[in-house]
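Visitor: One structure is given below, represented as structure tokens, and several questions about it will come after.
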Amino acid sequence: IGMGTSSSSTRGPLQRSDSNSSTVFSRFVQVYTASELATAGFYNGATVTEVAWELASSNVVVGSGDATVKVYVKNSTATMAMANDWSTQIAGSALLVDRKFNTLFNFPGANGWMQFPFSEPFVYTGGAIEVAVDWDCSGVSTPAFSGEGSLKWRWESTAPDLLVVKKTSSSSPSTNISDTNDERANIQFTVVDTV
């Protein structure tokens, strides 16, 4: 969903520059509406097994320490993303990705789709899907990444308010998601066809 060719260091699920000047923590909530999903061929009862975002840089982790990412997914009646506190944002969601990155378990190291397999299948029940991402690379030493630093993601402009995001370099992740954006990173959902 979304096949834009632009890239940015501020519109993807995972952020941090090699100089530690970019975000250490990122929290996103992305809404994919019923009409978007229908256009993409989703149907009630579809089983989703992973998500992937399109990485537009070729950086790898070079700093010591662990970076972690958690991905929460839920069925929803939302028609747009709404700013709220984090506990409310992920209420009713399933934690389907809880993954660690470091120099041993690293990024793909090349442009392309970065896959996040689910720990268990997610069953789509109609309506919208909300995907929430919680990224923490506060434990990675500087320099964190090779190359130019910031992880860049290919993105496409969308209808307004399909993404809410809070990015911070503070000592703890934000408890509130307060910034709206209408540019989401390209995403793929892997759906198992049982027909």
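The values are calculated or read from the model by the stated rules, or taken from the named source; none is laboratory data. Quick caveat, the model's predicted, so the values are computed rather than measured. We place every Cβ from the backbone using ideal geometry, glycine too, and count neighbours over all the protein chains shown. Quick note on the areas: whole protein, heavy atoms, side chains included, nothing else; ligands and nucleic acids left out. Shrake-Rupley method; radii C 1.70, N 1.55, O 1.52, S 1.80 Å.
Visitor: Which pairs do you get when a residue that is surrounded by 17 or more Cβ atoms within 10 Å (Cβ to Cβ), found in the stretch 44-64, comes within reach of a residue that is outside any loop (DSSP other than H, G, I, E, B) and of a type in the set (D, E, K, R), reach meaning Cβ atoms under 6 angstrom, with the pair 6+ apart or on two chains?
Guide: Cβ pairs passing all conditions: GLU54/ARG154; ALA56/ARG154.
Visitor: How about the stretch 73-106: which of its residues are more than 27 Å from VAL60 (Cβ to Cβ) and of a type in the set (D, E, K, R)? So that I can check it myself, show each step before the final result.
Guide: Start the filter on the stretch 73-106 by keeping residues that are more than 27 Å from VAL60 (Cβ to Cβ), which leaves 74-94.
Correct list: LYS74, ASP85.
Visitor: Just to verify a result, which residue in the stretch 78-91, among those that are open to solvent by 70 Å² or more (accessible area, probe 1.4 Å) and out of contact with any helix residue (DSSP H, G or I) (no Cβ under 9 Å at 6 or more places or on another chain), is modelled with the lowest pLDDT? If you could, list the steps in order and put the result at the bottom.
Guide: To start, the set of residues in the stretch 78-91 that are open to solvent by 70 Å² or more (accessible area, probe 1.4 Å) comprises 79-80, 82, 87.
Add one more test, that the residue is out of contact with any helix residue (DSSP H, G or I) (no Cβ under 9 Å at 6 or more places or on another chain), and what stays is 80, 87.
Working: MET80: 88, SER87: 95.
Result: MET80.
Visitor: Since ALA128 meets every condition but one in (1) open to solvent by 30 Å² or more (accessible area, probe 1.4 Å); (2) at pLDDT 95 or above, which condition does it not meet?
Guide: (1) is the only condition that ALA128 fails.
Visitor: May I ask you to list pairs of residues, at least six apart or on different chains, whose Cβ atoms are under 9 Å apart, with the first in the stretch 103-115 being more than 25 Å from THR5 (Cβ to Cβ) and the second being modelled with pLDDT of 90 or more and not aliphatic (A, V, I, L, M)?
Guide: THR103/SER64; PHE105/ASP66; PHE105/ARG99
Condition check ((1) under 17 Å from ILE90 (Cα atoms); (2) out of contact with any helix residue (DSSP H, G or I) (no Cβ under 8 Å at 6 or more places or on another chain); (3) at pLDDT 85 or above; (4) open to solvent by 20 Å² or more (accessible area, probe 1.4 Å)) across all residues:
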{"residue": "ASN106", "(1), (2), (3), (4)": "no, yes, yes, yes"}
{"residue": "PHE118", "(1), (2), (3), (4)": "yes, yes, yes, yes"}
{"residue": "CYS137", "(1), (2), (3), (4)": "no, yes, yes, no"}
{"residue": "VAL192", "(1), (2), (3), (4)": "no, yes, yes, yes"}
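Visitor: For ALA67, only one of the following conditions fails: (1) open to solvent by less than 70 Å² (accessible area, probe 1.4 Å); (2) of a type in the set (Gly, Ala, Ser); (3) in contact with a Ser or Thr (Cβ under 6 Å, 6 or more places away or on another chain); (4) more than 21 Å from ASN181 (Cα to Cα). What is its number?
Guide: (3)
Visitor: Another one. Please determine, by comparing only the residues of the stretch 150-168 that are outside any strand (DSSP E or B) and within 18 Å of VAL69 (Cβ to Cβ), which one is least open to solvent (accessible area, probe 1.4 Å). Give the steps one after another, and end with the answer.
Guide: Pass one, the stretch 150-168, residues outside any strand (DSSP E or B): 150-152, 158-162.
Filter again for within 18 Å of VAL69 (Cβ to Cβ), leaving 150-152.
On the way: SER150: 20, LEU151: 0, LYS152: 53 Å².
Filtering the stretch 150-168 for residues that are outside any strand (DSSP E or B) and within 18 Å of VAL69 (Cβ to Cβ), the one least open to solvent (accessible area, probe 1.4 Å) comes out as LEU151.
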